[in-house]
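Chemist: Sharing a structure here in structure tokens format.
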Amino acid sequence: MAEISPLRRRMVEDMQVRNLSPVTQRCYVHAVAKFARHFNRSPDRLGLSEIRAYQIHLTTTGISWAGFNVAVCALRFFYGITLGRTAMVERIPYARKRRQLPVILSANEVARFLSAVPSLKHRTALMTAYAAGLRVSEVVHLKLTDIDSSRMLIRLEQGKGGRDRYIMLSPQLLVVLRGYWREARPLHWLFPGQDESRPLDASVLQWACRNARVAAKLGKSITVHTLRHNFATHLLEAGTDIRTIQVLLGHRDLSTTARYTQVTGTTIANVTSPFDRLRLEEPPPA
């Protein structure tokens, strides 16, 4: 396999010209070398049939979606850039990430979960995440001035995609927030970290979720994002228009919001089957 060395140099030079990070360079070189070792031949002597066979081999090893696609990126770069076989590139497919339906809790399970959070700050932050359908980064970056009790709105600055948006302020959440403020007296950030000048770290809330799930004896996996999913699903089950939910969640694409229709038990249960519209005759006795 001495032939690989000049190819490796060429590939590294090509990656350096394109300012790929050293970590990416190492991953790509390793992936191409592993591909070549699998067939015990120089990679420039291998083609699409070997690539497809290798992809099948990777799937049998239980490789992760991300690991599979790193190998694909490396091979696409090697054949498309280093070897200049641009026609091959589009014929080396990526793996599609399996989309899993979000974990959905009942209203009672949400209440049990939130009640199991011992810290006032963490519990209030998680209540806010559920009440307003916020991402974890949006929760921890809330400021006192973002709570507009006169208009019953929460203002989100620079949410995902750099967009501002407004969320309704739940009257019950406002009562919780006022009680929290009287106890904690935050100065700038609504949920400050140990250093008052910095917001709470997102990982702290995720840690609080894990502990609360165990304490509440819930078998479902729960993260801050799970609460956001449940906000959307529970609104949909209550009859809220899906486009309103799209605005509240800050989704650009309605199709992203529409996936919640797949997990709403109430919505599904209320759909009438065409079978129910049939006028069936009584079957003869057996």
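Chemist: List every residue pair whose Cβ atoms lie under 8 Å apart, where the two residues are 6 or more positions apart in sequence or sit on different chains, the first residue falls within the stretch 221-250 and is more than 25 Å from residue 211 (Cβ to Cβ), and the second residue, located anywhere, is in a helix (DSSP H, G or I) and charged (D, E, K, R).
Modeler: 249/228; 250/160
Chemist: Filter the stretch 104-134 down to the residues that are outside any helix (DSSP H, G or I) and surrounded by fewer than 17 Cβ atoms within 10 Å (Cβ to Cβ) and list them by number.
Modeler: 106, 118, 119
Chemist: While we're here: Just to verify a result, which residue in the stretch 124-153, among those that are free of Cβ contacts under 8 Å to residues at least 24 places away in the same chain and within 26 Å of the chain's Cα centre (by Cα), is farthest from residue 199 (Cα to Cα)?
Modeler: Once the filter is applied, the top-ranked residue is 153.
Chemist: Continuing with the same structure: Suppose the filter is of a type outside the set (Ser, Thr, Tyr), assigned by TED's automatic domain parsing to the domain that holds residue 112, surrounded by 12 or more Cβ atoms within 10 Å (Cβ to Cβ) and closer than 20 Å to residue 135 by Cα; does residue 177 pass it?
Modeler: yes
Chemist: So which residues in the stretch 185-203 are within 22 Å of residue 135 (Cβ to Cβ) and among the small types (Gly, Ala, Ser), if there are any at all?
Modeler: 193, 202, 203, listed by residue number.
Chemist: Name the residues in the stretch 169-205 that are farther than 18 Å from residue 118 by Cβ and among the hydroxyl-bearing types (Ser, Thr, Tyr), would you?
Modeler: Residues satisfying the conditions are 170, 197.
Chemist: Mind checking which helices (runs of 4 or more DSSP H) fall wholly inside the stretch 1-94 and carry at least 3 residues that are exposed (fewer than 13 other Cβ atoms within 10 Å of the Cβ) and without any contact (Cβ under 8 Å) to a residue 60 or more places away in the chain?
Modeler: Passing ranges, in order: 4-17, 22-39, 48-60.
Chemist: Does residue 117 count as among the β-branched types (Val, Ile, Thr) and not assigned by TED's automatic domain parsing to the domain that holds residue 14?
Modeler: Yes; evaluated as a whole, the condition is true for this residue.
Chemist: Can I ask one more? Taking the stretch 135-153 as the search range and keeping residues that are assigned to a loop (DSSP other than H, G, I, E, B) and charged (D, E, K, R), which one is nearest to residue 203 (Cα to Cα)?
Modeler: Selected residue: 135.
The values are calculated or read from the model by the stated rules, or taken from the named source; none is laboratory data. No experiment lies behind these values; they were computed from the predicted model shown. Reconstructed Cβ throughout: ideal geometry from the backbone, glycine too, with neighbour counts over all protein chains shown.
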